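Enquirer: Take a look at this one; I'll ask things after.
The values are calculated or read from the model by the stated rules, or taken from the named source; none is laboratory data. Predicted, not measured: the structure shown is a model, and the values here were computed from it. All Cβ positions, even for glycine, are placed from backbone atoms using ideal geometry, and neighbour counts span all protein chains on display.
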Amino acid sequence: MFTQILDPLGNLTLTCLVALIPVVSLLVMLAVFRWPAWLATLIGSVITFALALAVWKMPMDQGSHAYVYGAATGVWNVDWITFWGMMLFNTLSVSGLFENFRRWLISKGSLDVRVQTMLFAWAFGALLEGLVGFGYPWAVVAPILISLGISDLNAIRVAAIANNAPVSYGALGAPIIALAAVTGYPLLALSGAVGTIVAVLALLPPWVLLYLVSGKEGMKGGWPLAVVGSLGYIAGQYPVARYLGPYLPDVTGSIVCFIALLILLKVWQPKSVLGYGGVPVDAATARQTQSHGLKSGEVLQAWLPFVVLLVVVAAWTGPWSPLPKVSWFKVQAVACSALAAACPAKGNVTAVFNFAPWVGGSAILASWIIVVALLLAMGKLKGAQIGEVLRRSFHQMWGACLVGVFIFGLAYTFNYSGMASSLAKGFSSLGTAFIVVCPILGFIGVALSGSNTSTNAMFGKFQALVGAQLGMPPLLLPSFNSVGAEIGKPVAPQTASVGVSTSKFVRKEGDVIRHNMGWTVILLAYLILIAILFYFANPLAMALPAAGS
């Protein structure tokens, strides 16, 4: 059995610096040279594998198995979800149902910029993040805000800040699934831990959004929107994340938020209607309403795919379902951890690929098949359009799917070889202060890579190992790594390049990132305070569930 070497260079500081080479090289390729993510992760995985062989003395055969098992996990546990999520989104777009949903939503908002911001940037953006992710919420929401009178740069910032809280559950839970794969912690436990943090985080952004679009006075006059918007999202997000898993929290959070906001607007309206910047809208304009022009049946059709998705995924993946537990085969490479006092007979570091055919991605595929069948029966979709959906989805996703292969191969090699253990030993010298560093590492990772999923794959096991060295609750550091990555999204070049694709800031991502930076740092400081609070005041929220519970 391969036994990891904790300090192969005889100097832990130097060993840690060498262990950081894969991380730094990957981030330089992405953020400095702006190479495609699939190419950067491919080269990064080659660098990682070479260092693992030459410095950490990882055996070629066992290391190759670890890399292949990681790549297979990336395909089956992550790519299989994100691809079918994109297929569902593109099916709604091609059939016209998504446009009908957008028109219906716009008609429900008043001309008050605060109402529009909460409905479109906050609630609608969370729905888009939950289905697709990858910067699409910016690309779709920003043009809506621009059409409502917000300048391009500020509209993108509002869309980006609103996109903070939902990112950990983006693309139907892909980041949490990645985190569970590399840490080995139970998926539902991680989903619940991250959901608990996000529930606290989500209390602040709606207030920031109101301030950004209407100033202090507008925030004072529109405070019920912030309260209901944040609590509505949390009410839909938290229970699902805690008890059902990571697939649907954004979708249910956005839908409950829609309902809560629309009910609020039935019983309460701002005393004065404000436009962007807190400028009052004249009475004649304020009385104008925009009709969606849809029949009641068309509105029901627009909602139908979301209902199908919720029902199928909840029934398929919930704790009551036996489907996710089915495994056709399982393979693993085993090593003895360098951090263990004694190595158990079967080792205590494993690189595992478990082929469970009925994982969450299969539930999304089943949802898509049902939606397509219903749309064909209703005459909203033609057979030829299915080919268009497939071609569009493949064109959009082939690069992201390759990233899933290479980043998981890289991460599994990084963990299996002992590089993560060496880093964890070095960083554990920070002691309790690491609770401040933890979310910052997640922030940096996503700010440079653009992907919460990749950041969790790269840093998740390392964070878990540091936590074990420091005696912290097991879920604490990995969960804050994921939520820290959420905060970095508004300043991620890869995300910005997609987010500005429908604005006049194409190829001017730097302007957008600079404009987003200030409020992003404020939200990061808020998250660090949350991390300190959980560690000292409520550590049990980040503990693993008792066996059998």
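Enquirer: Which residue pairs have Cβ atoms closer than 8 Å, lie 6 or more positions apart in sequence or on different chains, and pair a first residue in region 293-319 that is polar (S, T, N, Q) with a second residue that is surrounded by 19 or more Cβ atoms within 10 Å (Cβ to Cβ) and not in a helix (DSSP H, G or I)?
Expert: That search, which allows pairs on different chains as well, returns 301/380; 317/244; 317/245; 317/247.
Enquirer: Something else: If I ask for residues that are of a type outside the set (Val, Ile, Thr), assigned to a helix (DSSP H, G or I) and more than 16 Å from the chain's Cα centre (by Cα), which ones from region 140-190 would you list?
Expert: Those that are of a type outside the set (Val, Ile, Thr), assigned to a helix (DSSP H, G or I) and more than 16 Å from the chain's Cα centre (by Cα): 142, 143, 145, 147, 152, 153, 154, 155, 157, 189.
For every residue, the table says whether it meets (1) closer than 22 Å to residue 104 by Cα; (2) buried (at least 17 other Cβ atoms within 10 Å of the Cβ); (3) touching a Ser or Thr at 6+ places or on another chain (Cβ under 6 Å).
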{"position": "209", "(1), (2), (3)": "no, yes, yes"}
{"position": "214", "(1), (2), (3)": "no, yes, no"}
{"position": "233", "(1), (2), (3)": "yes, yes, no"}
{"position": "239", "(1), (2), (3)": "no, yes, no"}
{"position": "259", "(1), (2), (3)": "yes, no, no"}
{"position": "274", "(1), (2), (3)": "yes, yes, yes"}
{"position": "278", "(1), (2), (3)": "no, yes, yes"}
{"position": "300", "(1), (2), (3)": "yes, no, no"}
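Enquirer: Here is a list: 200, 194. Which entry is closer than 10 Å to residue 483 by Cα and part of a helix (DSSP H, G or I)?
Expert: From the options 200, 194, the qualifying one is 194.
Enquirer: So, one more: Given the conditions (1) more than 24 Å from the chain's Cα centre (by Cα); (2) over 24 Å from residue 334 (Cα atoms); (3) among the aromatic types (Phe, Trp, Tyr), report the number of the one that residue 416 does not fulfil.
Expert: Residue 416 satisfies every listed condition except (2).
Enquirer: Kindly provide the set of residues from region 449-474 that are surrounded by fewer than 24 Cβ atoms within 10 Å (Cβ to Cβ) and either within 14 Å of the chain's Cα centre (by Cα) or in contact (Cβ under 8 Å) with a residue 12 or more places away in the chain (or both), ordered by number.
Expert: 468, 469, 470, 472, 473, 474
Enquirer: Name, by its number, the condition in (1) closer than 27 Å to residue 399 by Cα; (2) at pLDDT below 95; (3) touching a Gly at 6+ places or on another chain (Cβ under 9 Å) that does not hold for residue 520.
Expert: (1) is the only condition that residue 520 fails.
Enquirer: If you scan region 346-385, which residues turn out to be among the hydrophobic types (A, V, I, L, M, F, W, C), in a helix (DSSP H, G or I), within 25 Å of residue 136 (Cβ to Cβ) and in contact (Cβ under 8 Å) with a residue 60 or more places away in the chain?
Expert: 363, 364, 365, 368, 370, 371, 372, 374, 375
Enquirer: Follow-up. If you take just the helices (runs of 4 or more DSSP H) that sit entirely in region 4-58, which of them hold at least 3 residues that are closer than 15 Å to residue 403 by Cα?
Expert: 21-31, 37-54
Enquirer: To continue, here is another question. Somewhere in region 125-136, is a residue crowded, with 22+ Cβ neighbours inside 10 Å, over 19 Å from residue 167 (Cβ atoms) and of a type outside the set (Ser, Thr, Tyr)?
Expert: No, region 125-136 contains no residue that is crowded, with 22+ Cβ neighbours inside 10 Å, over 19 Å from residue 167 (Cβ atoms) and of a type outside the set (Ser, Thr, Tyr).
Enquirer: Any chance region 95-105 includes a residue that's in a loop (DSSP other than H, G, I, E, B) and either closer than 26 Å to residue 354 by Cβ or among the hydroxyl-bearing types (Ser, Thr, Tyr) (or both)?
Expert: No, the conditions are met nowhere in region 95-105.
Enquirer: Identify, from the list 75, 115, the residue that is touching a Cys at 6+ places or on another chain (Cβ under 8 Å) and surrounded by fewer than 24 Cβ atoms within 10 Å (Cβ to Cβ).
Expert: Result: 75 is the single residue among 75, 115 that is touching a Cys at 6+ places or on another chain (Cβ under 8 Å) and surrounded by fewer than 24 Cβ atoms within 10 Å (Cβ to Cβ).
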